[in-house]
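The structure appears right after this line, and notes come after that.
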Amino acid sequence: DLQALHGLERGLLRIAGVTTTEYFIARWLRRYTDSHPGIEIELAVDNRDAVVRRLRQDETELAVMMMPPDNLPLQRVPLMRNPLVLIGPAGHPWAGARRVPRKSLDGQPMLMREAGSGTRLATEAYLRTHGLTPALRATLGSNEAIKHAVAAGLGLAVLSRHALAEDPAQDGVAVLPVAGFPIERRWLLVWRSDRRLSLAARRFVEHVQDHPPDADAASAGKGRAGDDRAG
Ligand code: PGA
């Protein structure tokens with residue numbers, strides 16, 4: 001049968017994911033390896049700009065990101081939702097409110113990911129669109145560093161809901177109910193349309209299409225990954 005046939009396939013799957021994918025991508029890879037045991041996986045985890053560079057330089061065949069570049073010919077398959085939430089330290093006075101007006105963000109101390117991060121790009125675009133002007137207090141190079149800095153009271157930040165524990169209090173943070181949040185984004189699986197995919201990569205694309213990561217179970221507040229469908 002098909003499973004047995006796939007079991008005989010050999011190859012290397014080169015895939016690159018933005019840093020926020022590290023919280024869930026192993027689950028997809030696990031299912032893929034179950035049905036394709038002969039294929040070895042090489043996963044790179046980087047920020048958005050570095051993932052784009054890998055695609056451009058043929059260092060990866062597949063990539064998972066929110067905002068693919070316009071200047072590369074790409075095929076894309078939508079994956080799961082990625083709500084970007086506004087977080088503050090646990091016990092923050094806004095945490096208990098029903099809804100906080102967007103403008104309250106003006107002048108608030110903000111933490112940002114490094115330049116090149118897709119989370120930062122999405123956050124800046126959002127702030128610009130709404131004319132919001134928080135005060136940038138620090139730039140930090142990882143989601144975990146952001147989380148710990150928010151918990152320590154350094155400032156507020158925008159972070160993928162998937163980067164937080166099911167109960168964000170476990171991370172020492174609270175999701176703040178500011179109007180307009182979460183910023184709704186979605187991850188895409190992309191590859192260059194001007195390249196021929198290897199068998200391993202083609203099989204992965206087929207696998208993702210056959211087992212779509214469940215977008216709706218990934219809703220904000222429902223936990224990290226929402227990819228709970230049985231394989
Ligand atoms: P990043 O990931 O902030 O690690 O770049 C976000 C994205 O582009 O999905």
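The values are calculated or read from the model by the stated rules, or taken from the named source; none is laboratory data. Note that the structure is predicted; figures quoted are calculated from it, not measured. Here the Cβ is made from the backbone with ideal geometry for all residues, glycine too, and neighbour counts use every protein chain on show.
Would you point out the residue of region 15-28, among those that are near the ligand (Cβ under 9 Å from one of its atoms) and part of a strand (DSSP E or B), that is nearest to Pro212 (Cα to Cα)? Filtering region 15-28 for residues that are near the ligand (Cβ under 9 Å from one of its atoms) and part of a strand (DSSP E or B), the one nearest to Pro212 (Cα to Cα) comes out as Gly17.
The set of residues in region 128-146 that are free of Cβ contacts under 8 Å to residues at least 60 places away in the same chain and either within 15 Å of the ligand (Cβ to nearest atom) or crowded, with 22+ Cβ neighbours inside 10 Å (or both) comprises Thr139, Leu140, Gly141, Glu144, Ala145, Ile146.
Hey, could you check region 116-127 for residues that are free of Cβ contacts under 8 Å to residues at least 60 places away in the same chain and of a type in the set (A, V, I, L, M) and say which is nearest to Asn47 (Cα to Cα)? Checked region 116-127; the qualifying residue nearest to Asn47 (Cα to Cα) is Ala125. Enumerate the strands (runs of 3 or more DSSP E) found wholly within region 29-125, keeping only those where 3 or more residues are within 11 Å of the ligand (Cβ to nearest atom) and surrounded by 15 or more Cβ atoms within 10 Å (Cβ to Cβ). In region 29-125, the matching strands (runs of 3 or more DSSP E) lie at 62-65, 74-89. Of all residues in region 153-172, those that are more than 12 Å from Ile87 (Cβ to Cβ) and within 11 Å of the ligand (Cβ to nearest atom) have Cβ atoms under 7 Å from Cβ atoms of residues that are of a type in the set (Ser, Thr, Tyr) and assigned to a helix (DSSP H, G or I), 6 or more apart or on another chain, in His162/Thr20; His162/Tyr23. Within region 35-53, residues that are basic (Lys, Arg) sit with their Cβ atoms under 9 Å from residues that are away from the ligand (no atom under 12 Å from the Cβ), at 6+ positions apart or across chains, in these pairs: Arg53/Glu59.
Being out of contact with any helix residue (DSSP H, G or I) (no Cβ under 6 Å at 6 or more places or on another chain) and either within 10 Å of the ligand (Cβ to nearest atom) or at pLDDT 95 or above (or both) is true of Ala149.
Kindly indicate whether any position in region 16-34 is under 20 Å from Arg203 (Cβ atoms) and either in contact with a Ser or Thr (Cβ under 7 Å, 6 or more places away or on another chain) or acidic (Asp, Glu) (or both). There is at least one residue in region 16-34 that is under 20 Å from Arg203 (Cβ atoms) and either in contact with a Ser or Thr (Cβ under 7 Å, 6 or more places away or on another chain) or acidic (Asp, Glu) (or both). Checking each residue in region 173-214 for being assigned to a strand (DSSP E or B) and of a type in the set (A, V, I, L, M) picks out Val173, Ala174, Val175, Val178, Ile183, Leu188, Leu189, Val190.
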